[in-house]
Structure formats: C-alpha cells, structure tokens
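The values are calculated or read from the model by the stated rules, or taken from the named source; none is laboratory data. Quantities reported herein were computed from a predicted structural model and do not represent experimental measurements. Neighbour counts run over all protein chains shown; Cβ positions are idealised from the backbone, glycine included. Ligands, DNA and RNA are stripped out before the accessible areas are found, and what is left, the full protein with its side chains, is counted by its heavy atoms. Shrake-Rupley method; radii C 1.70, N 1.55, O 1.52, S 1.80 Å.
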Amino acid sequence: MGNFVANEGLSVFAILVWLGINAFLFVHFYMAFLVERWYYTRVLLGQALPWARAPAACLNFNCMLILLPVCRNLLSFLRGTIQCCSRTAARQLDRNLTFHKLVAYMIAFHTAVHIIAHLFNFEFFMDAQLNRNTSLLTFVLSEIGNGDNASFLNPIRTNETNPTIVMFTTVAGLTGVAITLALILIITSSMEVIRRSYFEVFWYTHHLFIIFFIGLVFHGYARIVRGQTVASLDTNKPQNCSDKFEDWGKNGSNCAVPEFAGNPPGTWKWVLGPMILYVCERIVRIYRSHQKVVITKVVMHPSKTLELQMKRKGFSMEVGQYVFIQCPSVSRLEWHPFTLTSAPEEDYFSAHIRIVGDWTQALYEACGGDKNEPQEAWKLPKVAIDGPFGTASEDVFGYEVVMLVGAGIGVTPFASILKSVWYKRIQNNQDVFTKKIYFYWLCPETQAFEWFADLLQSLEGQMTEKNMMDFLSYNIYLTRWKEQEAAHFRVHHEAENDPITGLKQKTFYGKPNWDNEFTNITSQHPRSKVGVFLCGPPQLATSLEKQCMSHSAADVKFIFNKENF
Amino acid sequence: MGKIEWAMWANEQALASGLILLTGGIVGVAGQFRGWQFAAYAVAAGVFVCLLEYPRSKRAKGTSVERTGQYCFTVCVKTFGPLTRNYYVRAFLHAAICVPGGFMLATVLGCVCLGIASLIYLAAAIRGEHWEPILPRKETRKPVAQSIKNPPQNPPPRPPPEMRRKQAGDLEKSAYDNPMSVTDDE
C-alpha cells in the first residue's frame, strides 16, 4: 500500500479534489434554484430547472480547467519552478494530457445532463403556451410581459411555434447547437484509433474548440432563464400570492403582477483567464518558431533514422527534453515532437528522427537524404523549433540509483542522458548525485544498434580507461531475430566482443526477466530510492509499474516515470 | 493528410450519432413529449445505426483494431454484401434515416450528427473506400516435408536413471551395454 501511495498518491488526491469541487458546484447551484426567487419559474418547469443549471455551473468550472493542461510552455515553466520544492509535484505535471482527457469526459457528461434537462424545459414552456386556459397558473405566468416584452417569464412568447423553431431562433439555442456539434466532432476525431493513425484530422478538428469557447461565452447572452426581480418580490410574495393569481394587479388585491428578468451571463468570468493564458501560449509558440534555427549537419543512419544537428541562438536544454520541429517547406501547419538526443554540454542540439510517415519522408527528401552526394549548407531547408519542453527524464540525476529502460526508438531520451553522464563524470570529473545507472535497451532489429552502439562503445572505452566500469551497467536485449542471424550468433558465442554491437557486454536474446532484475537491484542497493524511467510501449509500462509496486519495500522504493508521447 | 481513410472517422461519428439519436428518442418517449412518435422512431433508428456501425472495417493499410465483441456483428453486417460494403449506400442510408429526427427537438441533435457522418461517408466513397470485414486469420500449417513419413512411436532406449546420474563424474563407469540393439541393419 505504501508504494502505491508513493507512486500514485498525489494523482489520486488531485483527482479527488477535482471530483469534490464538481460535486460541490453541482449541489450548490442545484440548491440555489430552489429559493423563492425562482418559485414561479419552477411552477412552469418543475425540477428540470435546477437539473439544467447545476451541470451548467460544472461546465463553467470544467471549461475553465480544460485549456490549462495544454499550455505546455506554461507547464514547462511551472515544472522548473516546482522542481526545487518537490519532485513529486513536478511529476504530476507529466500527466497533463490524461487530466485534459478526464476533464473532456466530464464536459461531455455534463453537456448531456444539461441538454436533457433543457429538452424538458422547452417542452414545459411550450406546454404552458399551448394550454391556453386562464384558470391555469402556467398560462397566466406565460402571458406576463406581453405588453413591454421585457418582464416576461416564458421565453416562448406565442403558441404558434414549436420547440425546434424556438431553439433555432434564440441566441442560447443556436449557440447551444453550434457548440454541442463542435464538441461531438472534437470527441469523435479524438478517439485513440483516429488520433494514432491520422494525427492531422485530430489536430485540425480539435481547433473547433475556438468555436466552442466563443459560443460558450455568448450562450447566456440573451438571459433566457428568468427569475423574479428583487423589486417584484416585495409586491408579490409567491408563498402568499401564488394561489391568488386570478386577482393579480386588480384593485383590492395586495399582489401585483410579478416581473421577471434574467441573470447576466456569467461564463465569461470563468473562462476569460484561461483563454487569455492559452492565447499567450500560442503567441509564445509563434515567437519561438520565428527564431532562426540552422541545420549544421544531417546524418543518415541505417534503420531509416535521420539525425539532424541544429543550432539556435540562446538555446539551452536539460537532459531528456523534447522539441517540436516544423519545416515550412514540408508543411506550414504541422509541428511534430522529437526527443533531443544531444547532451546539454554539447554546442549543438540534435534529434534522431525515424522515417515512418509522409511528413518525415518529405523532411528526409528535403534534407537531401535520397541523394548520394553531400548537400551544400544553403540548400538545407529552413526549420523552426518550439521548446525545449521538459519531461520525466529531467529527474534522472535526482536519484542515487537509476534504471533506464528504452524500447526501440524509445531509447532516444536516454541517449541524451548517457552523453551527459559521460561529459559530466568523465570529462569534467564532476561529482554527480547518481551513483549507479542500470540501462536496458530492448530492440527488435540489429541495424537499430548502429548509431547508438557508437555512443556505447566510446562510453565503454572511457570507463575502462578511468577504471569506472561499474558506474554504468547496460543490458541490450534483442527481441526478434531471423534464422540466419541466430546461426551467426551461435557460432560467435565465445568471441570477446559481441557479434552484433562490437561491445564487451554481450547482447541478450529475448525479453528480460524483470522480476530477477528488480530483485537483483534491491539486493545491491538497500535503503535507497530507485528511479525507474521508461520510454516504450504501454504493455511494458504496465508490467514495469507492477514490478515497481511489488518490489518497493520499506527501505527500497522504486519510483516509476513514463515518457508519454 | 495523404493516407487518411475517412471511413474510420465517419464510423466513429456515425456510432456517436446513433447513440445520441437513441438517447434523444428515449428522452422524448419517456417524457411523453409532443411528437413522441418521432422519438420512438429515433429509438429504433438509433439502435439500427449502432448495430450497423459497431463492427469496424478492416483498414486498407495498417493494423485494424477491433471493437470488443464485434465478431458477431461483423458476420451479420457481412451477409448484406454490397449493401453494407459500399459507402455510397451507407451515405444515402444515413442521410435518409436522419431526416425524421429533424422534426422533434429531442432528436434534432442526433439528426444533424448523423447528417455529418453521412457527408464524411460520402467523402470516403468518392475516394474509393469500402467496408471490409475483420475476420480471424485461418492458421495455415506448413506442408510436412516428404522425408518425414513415419515419425518414431516410442522414445529412444535410455539407461536406467541411476546410471544416467553417474555420467557427470566418471566417464568409464557411465558406459554401458544397451540391452536392445539400436542399429537398423538387423
């Protein structure tokens, strides 16, 4: 239980606080419509009135929250500031996208409740106009305000209409339909299947949120939900006067005709702040994108990996951060995230890009990857960079013992870390807090080793020279191989260097036995906090998380961090 | 946006519309709204659309992800052949189904959403996409090579366990005379 709290405690607490605020707002605003001022409105609408207003309040709250987790520059700044106070709190900011999705689901839920309640409201308002019998209070109430068209209660002013027409002729109805449609389109294009396969559809459709927020702000403009005015409550107290409605305003009666007015729109008070913050966020992104970035070197690696080395004035980074890259000659609107593979100590920054889709393929061709001879520097395309943004890997040097697990291309953030380790420890001979690194690389194909093997080889050489072989313990696992390759491995089993990587440390075949690895680390490092960092597929994340929870005991704690892209 | 299969998004949108139509219909019938007959129609139409759209199509390129338990629905939808395979038919079908929903407030939202899904299906049809069922792959066994005609029925003769254990230490003592002949020229 204790390790669950260490790993997940703050997240669970944050979610409970958020749910609690939602529940409180719902109940509070439900009760607010049960007061005297809304008595006559409730005569027409019954309980459907508070059932519509309560989710509206929750919607205000959630629409305020939804823009905040996607302001990544703001979050990056917050992360840096909080880092000095609490590493756990900073880790929560990695889960921003999960929170964004949770809030989105809550918005969808409250929208559904709100719409269903308003369907009843429209129906009841229409009923009141259709049953034209002056001995019914509902009809009398609906007739109020026919003269000046200002103090009315029933927004449906005539019986020669129907709810659908009313919806399309009121500001609230029109904006409501528009924003609900926008919301539905956003949600259907954000399904995992669509998002993973066709990111562009997801990204462009998501910009319908602009329509959503504009519509949301104007939704309450026409003040269609009306309650009795304060002045009118003096002349017509519902408790006394509601059954004397046939005599209202007549001589001898002490009940005047009640007057109604709508509440001023309140949504803008909730969402204006986050909207401004988000606009600032986009401005920051545009500003950063206009800073000049120069490609200093392009390297084509086997296994369809392109390395871009770049420079930008005033660029500074931490280990394991990522940037968004845009290439206007390929696409003006697309920004794609890539982990930085260079160390902060180097004078350039680099990214290793795998060629999988049409954007990466076009980038490869624009950089002259398909041509045989080297390109002139001025022929290289212009690129723009947004970032760098911090992710979990920044925390690596805060742990004494570290387990790094990378699957395939997921090893890229760790390339940055290992290079930085090399520079710090070996070149500058600085004392780093991290005393031991266990590095696991799971790879499905042999060629993928090449660009990384060079780094590992030089690290190995340097460590042997300085007699620091036990600082870094690395294990490479080849998870798939062909028959001919297997024969080759068998024959060269006894060779000093590994047949695939050329390293002294032999490659393992198959997947690692995590239970053994964790138990081994527990026995080697009692009484320490071990940071486990993963960049890889979700199934590996679940199994590692389980191992972290089960192997965390009183003295050894495994804290799990996952990169999410 | 080169590789997009519009039908995938149309499918998500249509499934969502089916659910919205169904919900609106249930509210209309339960609340006994005016025009509840349209709501009753919407319930039936919503269920029909959901059943039709639940099984995902197989993608032309890439791995297809099934929805949970969609196999029986796939089989049902497959039996209608070209009616369900062709996306022009689906586009016009959805456009026709959504129209009665527009006559009542509770179902208007479902109507508009289904109309949008119909438009996306039309785009998919124009681009030449069609619905393919996701069926479980049949296991193909490799043909057995000619030389393997009669695999051995019995395990090879082995010394008793005590003799086998001795092998580790002493080479001399672990040699033994096989009680049965193991050469095949007799």
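For labels at B:Arg158 and A:Met300 in the simple 7 Å Cα→Cβ model, what's the distance in nm?
5.6 nm
Quote the accessible area belonging to A:Leu181 in square angstrom, nearest 10, computed with a 1.4 Å probe and with ligands, DNA and RNA left uncounted.
Looks like 30 Å² after rounding.
Shape verdict for chain A, please, from the Cα gyration tensor: rounded (a/c under 1.5), prolate (a/b greater than b/c) or oblate.
Prolate.
Cα extents of region A:229-369 along the three principal axes, largest first, in whole Å?
Largest to smallest, the principal-axis extents are 96, 31, 23 Å.
Scan around A:Lys297 for amide H atoms under 5 Å from its own, H built in the peptide plane at 1.01 Å from N, and keep only partners 5 or more places away or cross-chain.
Answer set, sorted by chain and number: A:Gln309.
Does anyone have the angle between helix A:171-189 and the longest principal axis of chain A? Alpha-carbon axes, 0 to 90°, nearest 10?
The answer is roughly 20 degrees.
For region B:15-37, which residues drop by 40 square angstrom or more in accessible area between the chain on its own and all protein chains together (1.4 Å probe)?
In region B:15-37, residues shielded by partner chains: B:Val27, B:Phe33, B:Arg34.
Tell me, which longest segment in chain A has none of the GluC sites (Glu not before Pro) that fall in DSSP loops with at most 13 further Cβ atoms within 10 Å?
With GluC sites (Glu not before Pro) excluded where exposed in loops, chain A gives A:161-344 as its longest stretch.
In chain A, carbon and sulfur make up what percent of the accessible area (probe 1.4 Å)?
It is 60 percent, rounded to a whole number.
Step through the table entries A:Lys436/A:Lys546; A:Lys511/A:Lys557; A:Lys101/A:Lys297; A:Lys313/A:Lys419, compare each Cα-Cα distance with 30 Å, and write down the pairs that go over it.
The answer is A:Lys101/A:Lys297.
Once all Cα-Cα distances of region B:1-49 are split into 5 Å bins that start at 0, what whole-number percent is in each one?
Reading upward from the zero bin: 5, 24, 21, 16, 11, 8, 7, 5, 3, 1.
So what is the 222 nm mean residue ellipticity for chain A from helices alone, if each DSSP H run of at least 4 adds -39500 (n - 2.57) and you divide by all residues, rounding to the nearest 500 deg cm²/dmol?
-15000 deg cm²/dmol
Which chymotrypsin sites (Phe, Trp or Tyr not before Pro) in region B:1-44 pass both tests, a DSSP loop state and at most 15 other beta-carbon atoms within 10 Å?
Those that pass, being in a loop and sparsely packed, number zero.
Enumerate the amide H contacts of B:Ser64 below 5 Å, restricted to partners 5 or more residues apart or on another chain; note that Pro and chain-start residues carry no placed amide H.
For B:Ser64, whose amide H was placed from the backbone, the distant partners under 5 Å are B:Arg59.
Shielding by partners for A:188-201, please: the mean number of other protein chain Cβ atoms within 10 Å of each residue's Cβ.
Mean number of neighbouring Cβ atoms from other chains: 5.
As a test of understanding, state the convex hull volume per residue of region A:325-421 from its alpha carbons, in Å³.
Dividing the Cα hull volume of region A:325-421 by its residues yields 126 Å³.
Please list, ordered by chain and number, the residues whose modelled amide H lies under 5 Å from the amide H of A:Lys382; skip anything fewer than 5 residues away on the same chain.
A:Ser329
Provide the per-residue ³J(HN,Hα) series for region A:244-249, in order, calculated from phi with Karplus coefficients 6.51, -1.76, 1.60 and θ = phi - 60°, each as a whole number of Hz, with x at glycine and proline positions.
Values, residue by residue: 9, 5, 6, 10, 4, x Hz.
Return the loop-located chymotrypsin sites (Phe, Trp or Tyr not before Pro) in region B:42-142 (DSSP other than H, G, I, E, B) with at most 13 other Cβ atoms within 10 Å of their own Cβ; answer none if there are none.
B:Phe80
Can you work out ³J(HN,Hα) from phi for every residue in region A:329-336, in order, using Karplus 6.51 cos²θ - 1.76 cosθ + 1.60 and θ = phi - 60°, giving whole Hz and x for Gly and Pro?
Values per residue, Gly and Pro as x: 6, 8, 7, 6, 9, 9, 10, 10 Hz.
Can you pull the mean other chain C-beta count within 10 Å for peptide A:114-124?
Partner Cβ neighbours, averaged per residue: 4.
In region A:118-208, with Lys and Arg counted as +1 and Asp and Glu as -1 at Cβ, which of these residues, A:Leu153, A:Val201, A:Ser135, has the Cα nearest the positive end of the dipole, that is, farthest along it?
Result: A:Val201.
Report the accessible surface area buried between chains A and B, summing both sides, using a 1.4 Å probe on protein heavy atoms only, in Å² rounded to the nearest 100.
The buried area between A and B, both sides summed, comes to about 2600 Å².
In whole Hz and in residue order, list the ³J(HN,Hα) couplings for region A:55-71 that follow from phi through the Karplus curve 6.51 cos²θ - 1.76 cosθ + 1.60, θ = phi - 60°; x for Gly and Pro.
Per residue, the Karplus-derived 3J(HN,Hα) values read x, 4, 5, 4, 5, 4, 4, 6, 5, 5, 6, 5, 6, 5, x, 9, 8 Hz.
Using the basic label-point model (7 angstrom from Cα toward the beta carbon), what is the A:Gln239 to A:Arg480 distance in nanometres?
Placing both labels 7 Å along Cα→Cβ, they lie 7.7 nm apart.
Just in region A:92-184: which trypsin sites (Lys or Arg not before Pro) are loop by DSSP and have at most 12 other Cβ atoms within 10 Å?
Here the sparse-neighbourhood loop sites are A:Arg132.
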